[in-house]
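The values are calculated or read from the model by the stated rules, or taken from the named source; none is laboratory data. Quick caveat, the model's predicted, so the values are computed rather than measured. Every residue, glycine among them, receives a Cβ derived from its backbone with ideal geometry; neighbour counts consider all protein chains shown. The area values use the complete protein model at the heavy-atom level, side chains included, leaving out ligands, DNA and RNA. Shrake-Rupley method; radii C 1.70, N 1.55, O 1.52, S 1.80 Å.
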Amino acid sequence: MSIILKNGTVYDPLNGIDGEKKDILIEGGRIVDKVNERKATTIDCSNKVVMPGGIDIHSHIAGGKVNVGRCLRPEDHAKSVLPRTAITRSGSGFSTPSTFMTGYLYSRMGYTTVFTPAMPPLMARHTHEELHDIPMLDKAAYTLCDGNWFILKYLKNGEVEKCAAYIAWLLKATKGFVVKVTNPGGTEAWGWGRDCRSLDDVVPYFDISPRELIKGLVEVNELLHLPHSVHLHANNLGRLGNYATTLETFRIPKGKAANERQILQVTHAQFNSFGGDSWKNFESKADAIAKAINHSDSVIIDAGNVTLDETTTMTADGPLEYYLHSLSHLKWANRNIEMEAAPGVTPFVYSPKAATAAIQWAIGLELELLIRDPWKVLLSTDHPNGGPFIRYPRIIAWLMSRKYREKTISELNKAVNDRSTIHAVDREYSLYEIAVITRAGQAKALGISEEKGHLGVGAHADVAVYDIDASKLNGSEEIEKKFSSAAYTIKDGEIVVRNGEIIKTVDGRTYWVNPQVNEELEKEVMKDIEYNFKRYYSVNLANYPVGEEYLTRPAQVKIDTELG
Amino acid sequence: MKEVILKPKEQPNIWLEAEVIKPDVFAGKGLKDIEALEIFYGSKKARFGDFFEVSGTASDKAEDVRIVIAGDVSRTKRVGEDMSAGEIIIKGSADMYVGARMKGGRIIVEGNADAFAGQQLAGGELIIKGNAGNYLGSSYRGDWRGMKGGVITVEGNAGGEIAEFMLGGKMHIKGSVGAFAGLHMKKGLIVIDGSAAGRVGAQMTGGSIVVNGRIASLLPGFKFEKKEKDIKIDGEEFMGIYSKYTGDHAERGASGVLYVRD
Ligand SMILES: [Zn+2]
């Protein structure tokens, strides 16, 4: 199928295109420089905005705890119901939509790629089974590497290369894409009824600190030349005064990766920008966090916006979820996954009338507005933790309109005026900058920008067209509406959404990395793995790895490493 | 007040879901419009008029609309769900969710009501002249917010886990109730004239429960305070000698009150 997107206003930051009127040509699932005009479908995009398909670097759409959230919250499912159509399946769920519905809702917003950030290795098969049922999107899963006994031990003993070889094996076995670290040290300490409250608080038994873990894993990540950097849910997340720990965390890694990308992404940083020492004087420290990011070459963040909704929180950070539950007294679920992880789930109501929620709302936006370089701050809600992903268009509207922010502030708890700086920020995002934080920047941070996140020749033909006249933006309500409902979404060169309706369902790729490690080292590490599986695991080693047959359109990224 | 009369035709073999039966929807509509309303017949959409004969007239304002269902609708769910004004009189029994999330107005069920009647009631009045099923005035499954206002009166008996997560309003059962009445209750008043099966007020942290009959067994989280004569709660008087308990002390800081008549 060939498509000509004619005369649209194009925002393609990776190619430096800022609102130029031009045609985008598509053939064979790629962006091309020439098509047969008579055979092509021409779509008139005059007075419409054309962007690469949206990319989401951090959204909990699959993995064991998403399902725990669904089971825990039937009331969340009653709130949002999607009937089936001739081509789409039914679904339900406001903050944790069911699998098929997740794909449709993203696609309707013009998103084409969504990565899920927390896959406990033992839950890999389940995670891929869920991803398998999510249509419309390219996907990948991040392998949790925090409470993992192999990693803790290797790094404690200074065996960085062995640790790297183990992680290479783990990524292959779980069909993962990224080294994800959640509350390093703390999640393992939780298994002992404790937590790591500073970067130098050691993990019981393993006697290693979060600081050493982060440093070691960044080193491992770069030895393996992984596309993305280490993806870190930092220590003390959600705790009062945690901004100091966050600033200290930013200082751990030094330099940039060989391919110029960051070497650390601190994810959903809103939850790690808290000041104050009681909930009564809780305040935003987003300005300090933004300043540090403005001066850092090594670290980027995603925002983790709070959208003022009733949602479901779910993280691999077991102690945090227990803490939230003890604040709210709402129901709570916790899991312990053998030698690997301990996630928790609890509902959360971000009430506009509550000081804490209002300030958290401000922090997310402050981060996006005070960090000068949009390539260093990506849009996310840590779906569903800060709010459901269907609210991205509203966040975009808040970023693009100071007036809209002022209107929202007027409806919030007054504490937001005294304990954040949001009311004083007059910056408004341009469409170009929106394209950076929702597409181009996400692709670059993930290390997938050769094929994704841009509209240059050779890129995957994942495109979003919005019915927005860039020459006269008509207020925040319209911005939100238009970004909620793409005029067209094109996935791999096929029109899948028209006027916000799914008109064709497709399956996306599942990316996974395969770092090549020399045989000798691999053998040595396999001995450890075999020993520990026999001794401690509840499954046989042979049953552990997930085969490619579980993946829709598996897309293997083979990598030459320093250990090849 | 003008009346719309709904005469059920043949009883459906699959349940109907008819949340359209409420003054808010009928107000300002002609009979033809009402007959043309869409309801669910199992998983399929159906025409309201295929299951009900419609007569009378509807006022323009919901508060002036009275709907009389002249017969048994024990296979029709969600009658009066989300209604905010006016009146519904059901001459027979109603299926699940009658008056769920009701905000105002009045529903009278002359027969029995099945489970989840008055679920998450916010206001108005729900009167059931026969028996009520389980989860009367409860929360939605999994939710922690139950009935928060309005009045539910049952002339007969009620099932288990009634007034679960109650946050306000009043519930009066003139007969007996099943286990776990007032489970997780936080505020409001439950009066039970008959007897109550066990576990009354389990995990309640506030509000009041008055049992005028017997309680099968009291939970260990309840502490006997004293005997009281002729008690008064929210301006309402209850004559007789009552044993006063507080609880459920299995919950931190619980301040629920349970009165049982001697
Ligand atoms: Zn997350």
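Would you mind calculating the gained length between A:His423 and A:Ser90 on full extension (0.36 nm times residue separation, minus the Cα-Cα distance), in nm to one decimal? Show your work: numbers first, answer last.
Numbers: separation 333, 0.36 × 333 = 119.88 nm, distance 4.16 nm.
Full-extension gain reported as 115.7 nm.
Could you calculate, for chain B, the ratio of the Cα radius of gyration to the Kirkwood radius, expressed as Rg to Rh?
Checking Rg against Rh, the ratio lands at 1.04.
Let a ≥ b ≥ c be the square roots of the eigenvalues of the Cα gyration tensor of region A:17-157; is it rounded (a/c under 1.5), or, if not, prolate (a/b larger than b/c) or oblate?
Working: a/c = 2.72, a/b = 1.54, b/c = 1.77.
Because a/c hits 1.5 or more and a/b fails to exceed b/c, region A:17-157 counts as oblate.
If N is the number of residues in region B:183-235, what value comes out of its Cα radius of gyration divided by 2.2 N^0.38 Å?
1.12
Output the DSSP H helices from chain A with an along-axis C-alpha extent of no less than 18 Å and a mean Kyte-Doolittle hydropathy no less than 1.0.
For chain A, where a helix must reach 18 Å along its axis and average at least 1.0, the hits are A:355-370.
Compute accessible area for region B:130-151 by itself and then with all protein chains, 1.4 Å probe, and report residues whose area falls by 20 Å² or more.
Residues passing the criterion (a loss of at least 20 Å², heavy atoms only) are B:Tyr140, B:Arg141, B:Gly142, B:Trp144, B:Arg145.
Short version: which residues of region A:322-356 lose at least 20 Å² of accessible area, all chains versus chain alone, 1.4 Å probe?
A:Leu330, A:Lys331
If contacts are Cα pairs under 8 angstrom and at least 6 residues apart, what is the relative contact order of region B:115-261 in percent?
On the way: 506 pairs, mean separation 22.7, N = 147.
Once normalised by length, the contact order is 15 percent.
First measure r as the distance between the Cβ atoms of B:Asp82 and A:Glu37, then evaluate 1/(1 + (r/R0)^6) with R0 = 60 Å and state the FRET efficiency to the nearest 0.05. Display every interim value, and only then the final one.
On the way: r = 54 Å, r/R0 = 0.91.
Result of the calculation: an efficiency of 0.65.
Quick check: Cα centre of region A:284-318 to Cα centre of region B:153-172, how many Å?
When both Cα centres are located, 45 Å separates them.
Share of antiparallel DSSP beta bridges in the protein assembly as shown, in percent to the nearest 5? Numbers along the way, then the final one.
Working: 65 of 148 bridges.
Given both bridge residues lie in the protein assembly as shown, the antiparallel proportion sits at roughly 45 percent.
Find the Cα radius of gyration of region B:115-261, compare it with 2.2 N^0.38 Å by division, and give the number to two decimals.
Ratio of Rg to 2.2 N^0.38 Å for region B:115-261: 0.92.
Take the alpha-carbon centre of region A:248-278, take the same for region A:433-459, and report the distance between them in whole Å.
Taking the Cα centre of each part, region A:248-278 and region A:433-459 sit 21 Å apart.
For chain A, what is the relative contact order in percent, using Cα pairs closer than 8 Å and at least 6 residues apart in sequence? Don't skip to the end; give the middle numbers.
Values: 1400 pairs, mean separation 114.8, N = 564.
Once normalised by length, the contact order is 20 percent.
Starting from region B:1-40, pick out the GluC sites (Glu not before Pro) whose DSSP state is loop and whose Cβ has at most 15 other Cβ atoms within 10 Å.
Listed in order of number, the matching sites are B:Glu10.
Please report, largest first and rounded to whole Å, the three semi-axes of the ellipsoid equivalent to region B:52-117, where each semi-axis is the square root of five times an eigenvalue of the C-alpha gyration tensor.
18, 15, 9
Write down the percent of antiparallel bridges among all DSSP beta bridges whose residues are both part of region B:115-261, to the nearest 5.
In region B:115-261, approximately 40 percent of DSSP beta bridges are antiparallel ones.
Report the dimensions of region A:324-468 along its three principal axes from the alpha-carbon atoms, largest first, rounded to Å.
The Cα atoms of region A:324-468 stretch 54, 48, 27 Å along their principal axes.
When a/c is below 1.5 the answer is rounded, else prolate if a/b is larger than b/c, else oblate, so apply that to region A:154-197 with a ≥ b ≥ c taken from the square roots of the Cα gyration tensor eigenvalues. Each step should come with its number before you reach the end.
Numbers: a/c = 2.80, a/b = 1.55, b/c = 1.80.
Judged from the Cα gyration tensor, region A:154-197 comes out oblate (a/c at least 1.5, b/c at or above a/b).
Kindly identify residues of region A:77-92 having a loss of at least 10 Å² in accessible area between the isolated chain and the assembly of all protein chains, probe radius 1.4 Å.
Buried by 10 Å² or more upon assembly, which counts only protein chains, are A:Ala78.
Could you report the buried accessible area between A and B, both sides summed, computed with a 1.4 Å probe and given in Å² to the nearest 100?
Numbers: alone 20330 and 11280 Å², together 31020 Å².
Between A and B, the summed buried area is about 600 Å².
At 1.4 Å probe size, with the rest of the protein present, what percent of the exposed accessible area of the protein assembly as shown is carbon and sulfur atoms?
Numbers: 14500 of 31020 Å².
Of all accessible area on the protein assembly as shown, carbon and sulfur atoms account for 47 percent.
If you rank B:Asp72, A:Asp302 by how much accessible surface each has, with a 1.4 Å probe, what is the order from largest down?
Descending order: B:Asp72, A:Asp302.
Tell me the per residue accessible area of region A:1-150 using a 1.4 Å probe; a whole number in Å² is fine.
Averaged over the residues of region A:1-150, the accessible area is 33 Å².
Could you provide, to the nearest whole Å², the per residue accessible area of chain B with probe 1.4 Å?
42
Taking the Cα centre of each part, how many Å lie between region A:123-161 and region A:45-90?
22
Suppose R0 equals 35 Å; then what is the FRET efficiency for A:Ser410 and A:Asn532 from their Cβ-Cβ distance, rounded to the nearest 0.05?
Efficiency for this residue pair is about 0.05.
Just the number please: accessible area per residue for region A:408-564, 1.4 Å probe, all protein chains included, in Å².
Per residue, region A:408-564 has an accessible area of 46 Å².
Which number comes out as Rg/Rh for chain A once both Rg and the Kirkwood Rh are worked out on C-alpha atoms? Let's see the in-between values first.
Working: Rg = 22.4 Å, Rh = 23.5 Å.
Ratio of gyration radius to Kirkwood radius for chain A: 0.95.
Out of all DSSP beta bridges with both ends in region A:144-446, state the antiparallel percent to the nearest 5.
About 45 percent, rounded to the nearest 5.
Cα atoms only, region A:144-446: Rg and Dmax in Å?
Looking at region A:144-446, its Cα Rg and Dmax stand at 18.5, 55 Å.
Which longest run of chain A has no exposed loop site in it, a site being chymotrypsin sites (Phe, Trp or Tyr not before Pro) in a DSSP loop with at most 14 other beta carbons within 10 Å, and the site itself not part of the run?
Working: sites that count: A:Trp192, A:Tyr205, A:Trp279.
Here the longest run is A:280-564.
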